[in-house]
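*Asks:* First the structure, then my questions, so here it is.
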Amino acid sequence: MKQPDPSEIVGLIATHQTRLRGLVRCLLIRAADVDDVLQEVNTVLWEKSSDFQVGSDFWAWASQIARFKALNHLRKFSRDRLVFDERLLNELADLAEERLVHVDQRREALEQCLNSLPPAQRQLIDLRYVGGHAVESIGAMIGRPQGSIRQTLYRVRQALLACIQSKLQAEGGGT
């Protein structure tokens, strides 16, 4: 069994961070709990990195640790009336893992599609979704009517969706 290189483990943890956060978020309600448990997961992944076999499925290994840590965190609050039973949480975890399988492919497809947008459309998307500006303020910034901004954003979102679906189908990835 080949021992993983520390930089390889760090890279794998970083690569899977979004998916791990998504899995933990599906099981926990409070954002602070998600952050705490994700930190615990990262610590365990690092401490037990010698148990990971290079060439095997890192996501499968890491997601089981994340699931265990989240369920263990929930057990601490088992007397709280708002905590789901463990069977339901396991079902939610299974569903979350299924849906998170292709998240990296979808993110990469989105990045490629965003990069292929004409500059004016990319500017609108960035102002709205990166900058968090309301349509009204975007209209004032670039001197266009609000209705025109809304319509353009709608069309760009539709084009991005079609682009992402096309890229995923071409790669044989998830939708």
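The values are calculated or read from the model by the stated rules, or taken from the named source; none is laboratory data. Since this is a predicted model, take the numbers as computed values, not measurements. Neighbour counts run over all protein chains shown; Cβ positions are idealised from the backbone, glycine included.
*Asks:* Determine whether region 5-12 contains at least one residue that is surrounded by fewer than 11 Cβ atoms within 10 Å (Cβ to Cβ), more than 22 Å from residue 98 (Cα to Cα), hydroxyl-bearing (Ser, Thr, Tyr) and over 22 Å from the mean Cα position of the chain (by Cα).
*Replies:* Within region 5-12, the first condition is being surrounded by fewer than 11 Cβ atoms within 10 Å (Cβ to Cβ), and the residues that meet it are 6-7.
Pick out the ones that are also more than 22 Å from residue 98 (Cα to Cα) and you get 6-7.
Still in the list and also hydroxyl-bearing (Ser, Thr, Tyr): 7.
Restricting the remaining residues to those that are over 22 Å from the mean Cα position of the chain (by Cα) gives 7.
Yes, region 5-12 contains at least one residue that is surrounded by fewer than 11 Cβ atoms within 10 Å (Cβ to Cβ), more than 22 Å from residue 98 (Cα to Cα), hydroxyl-bearing (Ser, Thr, Tyr) and over 22 Å from the mean Cα position of the chain (by Cα).
*Asks:* Hey, another quick one. Residues of region 134-143 being surrounded by 14 or more Cβ atoms within 10 Å (Cβ to Cβ) and within 15 Å of residue 120 (Cβ to Cβ), which ones?
*Replies:* Going residue by residue through region 134-143, those that are surrounded by 14 or more Cβ atoms within 10 Å (Cβ to Cβ) are 135, 137-139.
Matches in region 134-143: 138, 139.
*Asks:* Moving on. Of all the residues that make up region 109-148, how many are over 24 Å from residue 22 (Cβ atoms), in contact (Cβ under 8 Å) with a residue 12 or more places away in the chain and part of a helix (DSSP H, G or I)?
*Replies:* Of the residues in region 109-148, 8 are over 24 Å from residue 22 (Cβ atoms), in contact (Cβ under 8 Å) with a residue 12 or more places away in the chain and part of a helix (DSSP H, G or I).
*Asks:* What about residue 151, is it modelled with pLDDT of 95 or more and either assigned to a helix (DSSP H, G or I) or surrounded by 14 or more Cβ atoms within 10 Å (Cβ to Cβ) (or both)? First the steps, then the outcome.
*Replies:* Numbers: modelled with pLDDT of 95 or more: yes; either assigned to a helix (DSSP H, G or I) or surrounded by 14 or more Cβ atoms within 10 Å (Cβ to Cβ) (or both): yes.
Taking the combined requirement at face value, the residue satisfies it.
*Asks:* Oh, and also: Can you tell me which condition residue 34 does not meet? The list is (1) under 18 Å from residue 104 (Cα atoms); (2) surrounded by 12 or more Cβ atoms within 10 Å (Cβ to Cβ), and all the others hold.
*Replies:* That leaves (1) as the condition not met.
*Asks:* Further question: Give all pairs with beta carbons closer than 7 Å in which a residue from region 25-48 that is among the charged types (D, E, K, R) meets a residue that is surrounded by 12 or more Cβ atoms within 10 Å (Cβ to Cβ); count only pairs at least 6 apart in sequence or on separate chains.
*Replies:* Filtered contacts from region 25-48: 25/34; 33/73; 40/69.
*Asks:* Looking at the structure I just gave you, is residue 106 under 23 Å from residue 20 (Cβ atoms) and under 22 Å from the mean Cα position of the chain (by Cα)? First the steps, then the outcome.
*Replies:* Working: under 23 Å from residue 20 (Cβ atoms): yes; under 22 Å from the mean Cα position of the chain (by Cα): yes.
The answer is yes for residue 106.
*Asks:* A further question follows. If you take the residues in region 13-31 that are at pLDDT 90 or above and surrounded by fewer than 19 Cβ atoms within 10 Å (Cβ to Cβ), which one is nearest to residue 76 (Cα to Cα)?
*Replies:* Per the stated criteria, the residue is 21.
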